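Nothing in this text is a laboratory measurement; each read-out follows from the coordinates by a stated rule. Since this is a predicted model, take the numbers as computed values, not measurements. Here the Cβ is made from the backbone with ideal geometry for all residues, glycine too, and neighbour counts use every protein chain on show.
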Amino acid sequence: MSKKSEKERILVVDDSAPTLEVLQRNLTAEGYQVLTASSVAMAIELLEANKVDLVITDFKMPKVSGMDLVRHVRENFRDTEVMMITGYPSIEGAVKAIKTGAEEYLSKPFTDEELSSAVRRALDKLYVQRCGGVSGTQLPVIPHGLLGESEAMRKIIQAIMKAATTSATVLITGESGTGKELVARAVHYGSERSSAPFVPVNCGGIPDGLLESELFGHVKGAFTGATESRAGLFHAADGGTIFLDEVGETSTSMQVKLLRVLECKEICMVGSNRARKVDVRILAATNKDLLGLVRKGSFRKDLFYRLNVITIALPPLRERGNDILLLTTHFAQRFAAELGRPQPHFSERAMAVLRKYDWPGNVRELENVVQRLVLMTDGDRIDAPDLPRLMRFSALKHAGLDRTLAEVEAEYINNVLANVRGNKTRAAEILGIDRKTLREKLRGSLMVPEHSLGD
């Protein structure tokens, strides 16, 4: 049961003044602190400024609906329950309200007893929630260091297993952060070369003037500063695998040299005329459309076909379904262990938000988000309000997008004036315009009575 002695605070949201008055009177008589709001925008302001235990909202609201408020609360406030009331009852509406996150759903008219019981049930659920958490998901075995049970990842794992049985060149494609190096490592360590070196090279991170020396080595005196001979990364990878990440960033002159390695299996150190044979398998990766670069003439066609013997195309995280949830739990376990903390549990609401987010940075972005959450969240439970703001739903995010630019400008000017208590000199400074322009905008927008346009 919840603690009545703490006098729970309830926010009632309804555009009907008589309804607000009745609900406030009844709930106050029950011993609750009651706040009221006549719009979703006002309700959100009150939620930002006050600790609220329960939001009771009408379904039909002007501009922004009560359903949007329910979702906003669920994704922005950890310890707040929601109850919806409506004068337009329907099974479909009730189901949608519950799925969106409302704990209770009342149809008008309702008795004082029905209201009291619904409020009590919602607050009791809140108390139980505050005392416990949702346990983590049991992780499956991770093949080749990769995690995922989606159909897309099953195909990737099959492709890795086939590529590992051959010595053919492999081109790994996919957006940044999808795990291309992890796939390359899986191919190498699943192959007969697994006991030999795996050498990753970020071609995009090495200046073009240095890349040749880094890859093939140089002899003493080959260039200014070459005080001694030094072997390159192809020498280091001899007998094993070299992984050329961001291969699309290489210059056309470097592409010619890579093509020779693929064709002749030999390299030539910078400053030397003697070629040396190497036994190196080449795996390459790119987040660019290499075929498109070939058509534009910025990537050699012959090198493209030499690299593209086997292609493994990694799907973006947003197309991997529930793999997002498995990866979230995996990273949470890992970072908690590194920090010596208990593994945090993600609420169902938090998991739903993570599942719906677009993840432009893919697995790398998810890993960074989970690491930050484990570091910064107090306790062992992570809920939707703990997630980065850009991931959470906002009821006001799309509000007013049907207004003209003039209307938006007028509202902003009016808000600035209100904030400085009508001081037009200060308002003009904030807006970055002179007083004359401000007066013209005020007169043109008809935001204020004509008599108030004076100094």
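Some points to look at:
- 3J(HN,Hα) couplings calculated from phi for segment 265-279 with the Karplus curve 6.51 cos²θ - 1.76 cosθ + 1.60 (θ = phi - 60°) are, in sequence order, 6, 9, 10, 10, 5, 4, x, 10, 9, 9, 7, 10, 6, 9, 10 Hz; Gly and Pro show x.
- A protection proxy built from the mean count of other Cβ atoms within 10 Å ranks the segments 282-291, 225-234, most packed first, as 282-291, 225-234.
- Rounded tilt (10° steps) of 112-131 against the dominant C-alpha axis of the chain: 30
- Calculated P(r) of segment 222-338 - Cα pairs past 17 Å, %: 67
- Kirkwood Rh, angstrom, the chain [1 / mean 1/r, Cα pairs]: 27.4
- Principal-axis analysis of the Cα atoms of the chain puts helix 66-76 at an angle of about 50° to the longest axis.
- In the chain, the longest principal axis of the Cα atoms and the axis of helix 151-164 are about 10 degrees apart.
- Rg/Rg_globular for segment 243-287, with Rg_globular taken as 2.2 N^0.38 Å and Rg from C-alpha atoms: 1.20
- Above 23 Å, the calculated P(r) of segment 151-314 contains 37 percent of its Cα-Cα pairs.
- Rounded to the nearest whole angstrom, the semi-axes of the ellipsoid equivalent to segment 1-65, taken from the Cα gyration tensor as √(5λ), stand at 21, 14, 9, largest first.
- Subset of LYS51/LYS125; LYS277/LYS301; LYS155/LYS301; LYS60/LYS356; LYS257/LYS277; LYS257/LYS301 violating a 19 Å alpha-carbon distance limit: LYS277/LYS301; LYS155/LYS301; LYS60/LYS356
- Anisotropy class assigned to segment 318-382 is prolate, per the alpha carbon gyration tensor with a/c at or over the 1.5 cut-off and a/b larger than b/c.
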